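Just below is one structure, and these are the notes that go with it.
Since every read-out is calculated from the coordinates, none of them should be taken as a lab result. Quantities reported herein were computed from a predicted structural model and do not represent experimental measurements. Please note: Cβ atoms are built from the backbone with ideal geometry, for glycine as well, and neighbour counts cover all protein chains shown.
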Amino acid sequence: MDFSSKLLENAVSEISRLPGIGKRTALRLALYLLKQPSEQTKYLTEALNLLKKEVKICKKCHNISDSEICNICVNPQRNSSLVCVVEDVRDVMAIENTAQFKGVYHVLGGKISPIEGVGPQNLHIDTLVNKVKNGEVKELIFALSSTMEGDTTNFYIYKQIEDYDIATSTIARGISVGDELQFADEVTLGRSILNRIPFDGTVKG
């Protein structure tokens, strides 16, 4: 791709580093921003800078937050003993959009994947196990993707807590095997939460 401007080329190169954005899309975005009033690009730049500088990770659930403890964790209307275990913050947003879940979350930050070099030590599993040990949890809902990595992560966590007197369940398989949670429609995802089933402590093949 030939550029008439080095500045444009640099902007396209940086934008194309974003996931899911190729060079052509990056060029379209760069040219769009170039045509906009200076105020708009200024607001965008300020918003991104503030996001990077000010955003926090909730100390209780590891969700993205504007404060030390997120709005979900501090909400007295939420059932703090019912914990939904998810892979990342996009899954929290997906489940919240269903308006069916009244508990709290625990964001692992990924799932166990030896092929990608992600082990239990790379995830927020220890803090989850500590919640169980401290008696804060009555039920864990495993809401990870229906993949081998997701099921392996569920199984690993289950083995860490099986000696404690808490219920464990998994979302109903209205979510197709192999699907990512964030891409499920809200109705299906909401029903899967409401119709969750006991977790049997196995890894599905």
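Can you pull out every residue in segment 130-141 that is buried (at least 16 other Cβ atoms within 10 Å of the Cβ), assigned to a helix (DSSP H, G or I) and in contact with a helix residue (DSSP H, G or I) (Cβ under 9 Å, 6 or more places away or on another chain)?
VAL132
Within segment 28-119, which helices (runs of 4 or more DSSP H) (wholly inside it) include 2 or more residues that are over 14 Å from the mean Cα position of the chain (by Cα)?
By residue number, 38-54, 71-74.
Of all the residues that make up segment 94-146, how many are touching a strand residue (DSSP E or B) at 6+ places or on another chain (Cβ under 8 Å) and of a type in the set (A, V, I, L, M, F, W, C)?
Qualifying residue count for the region: 14.
Considering only residues that are closer than 22 Å to THR147 by Cβ, touching an Asp or Glu at 6+ places or on another chain (Cβ under 8 Å) and not polar (S, T, N, Q), which ones fall in segment 50-101?
Result: VAL83, ALA94.
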